[in-house]
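Q: Have a look at the structure that comes next, please.
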């Protein structure tokens with residue numbers, strides 16, 4: 001199969017991408033609106049950028065009506081957000097939080113998840129998530145407008161919370177203890193509980 005992306009439908013391109021760029025880590029992003037409404041939504045176009053400065057990047061697409069999702073609106077209004085990781089035990093709640101709610105309703109209430117007050121930013125975190133990264137907006141880049149238009153959100157991590165129960169003897173997070181989920185194509189996910197090592201060549 002060969003695909004000419006200049007003529008392919010955006011919905012078809014999306015389906016191809018989410019199946020071949022995999023597994024994808026999930027940024028479970030919590031924000032608060034200018035009027036104080038909390039928001040929580042998962043995004044799987046997500047990665048770390050670097051450690052100087054400590055930074056992350058995720059990409060919320062526009063809604064079906066072409067407008068920005070509440071996550072992006074809140075970040076542009078407050079310039080703050082929290083990225084929570086998703087262990088397997090929270091996968092169902094994460095999936096539920098992807099429902100499209102009116103802006104005045106909170107996914108925290110929908111899922112029954114408890115908020116955790118952040119140390120530096122105003123946006124709350126997910127109390128039961130073992131890793132929470134408090135971020136401030138560095139840059140927003142809109143790549144396209146209209147339905148499904150891509151946005152890049154680049155944030156600087158200003159504070160991290162790491163649950164002691166997922167740390168190894170050296171004080172770093174243990175992938176097996178974290179038991180994170182990753183996004184595959186369609187409705188498929190995977191877990192990080194299987195691993196192997198490949199020493200770097202000398």
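Q: Cβ-Cβ distance below 7 Å, separation of 6 or more or different chains: which pairs start in region 172-198 with a residue that is at positive phi and touching a residue at least 40 places away in the same chain (Cβ under 8 Å) and end on one that is part of a strand (DSSP E or B) and surrounded by 12 or more Cβ atoms within 10 Å (Cβ to Cβ)?
A: 179/87; 179/191
Q: Among the residues of region 139-147, is there at least one that is within 18 Å of the chain's Cα centre (by Cα) and within 17 Å of residue 89 (Cα to Cα)? Lay out the reasoning, then the answer.
A: Start the filter on region 139-147 by keeping residues that are within 18 Å of the chain's Cα centre (by Cα), which leaves 139-142.
Narrowing the set further to residues that are within 17 Å of residue 89 (Cα to Cα) leaves none.
Checking region 139-147: not a single residue is within 18 Å of the chain's Cα centre (by Cα) and within 17 Å of residue 89 (Cα to Cα).
Q: Now a separate question. Is it the case that residue 146 is at positive phi and either surrounded by 15 or more Cβ atoms within 10 Å (Cβ to Cβ) or touching a residue at least 40 places away in the same chain (Cβ under 8 Å) (or both)? Lay out the reasoning, then the answer.
A: Values: at positive phi: yes; either surrounded by 15 or more Cβ atoms within 10 Å (Cβ to Cβ) or touching a residue at least 40 places away in the same chain (Cβ under 8 Å) (or both): yes.
Considered against the rule, which asks whether it is at positive phi and either surrounded by 15 or more Cβ atoms within 10 Å (Cβ to Cβ) or touching a residue at least 40 places away in the same chain (Cβ under 8 Å) (or both), residue 146 comes out as yes.
Q: Within region 116-128, track down each residue that is surrounded by fewer than 17 Cβ atoms within 10 Å (Cβ to Cβ), in contact with a strand residue (DSSP E or B) (Cβ under 7 Å, 6 or more places away or on another chain) and under 17 Å from residue 27 (Cα atoms). Steps first, please.
A: Step one: filter region 116-128 for residues surrounded by fewer than 17 Cβ atoms within 10 Å (Cβ to Cβ), giving 117, 119-120, 122, 127-128.
Going one step further and asking which of them are in contact with a strand residue (DSSP E or B) (Cβ under 7 Å, 6 or more places away or on another chain), we end up with 119-120, 122, 127.
Hit for region 116-128 is 127, nothing else.
Q: How many of the residues in region 174-189 are surrounded by 16 or more Cβ atoms within 10 Å (Cβ to Cβ) and farther than 23 Å from residue 10 by Cβ?
A: Number of matching residues: 6.
Q: Next question, about the same structure. I'm told residue 87 meets every condition in (1) within 26 Å of residue 192 (Cα to Cα); (2) touching a helix residue (DSSP H, G or I) at 6+ places or on another chain (Cβ under 7 Å); (3) surrounded by fewer than 17 Cβ atoms within 10 Å (Cβ to Cβ) except one. Can you identify the failing condition by its number?
A: Answer for residue 87: the failing condition is (3).
None of the figures in this text is laboratory data; all of them are computed from the coordinates on show. As the structure is a prediction and not an experimental result, all values here were calculated from the model. Neighbour counts run over all protein chains shown; Cβ positions are idealised from the backbone, glycine included.
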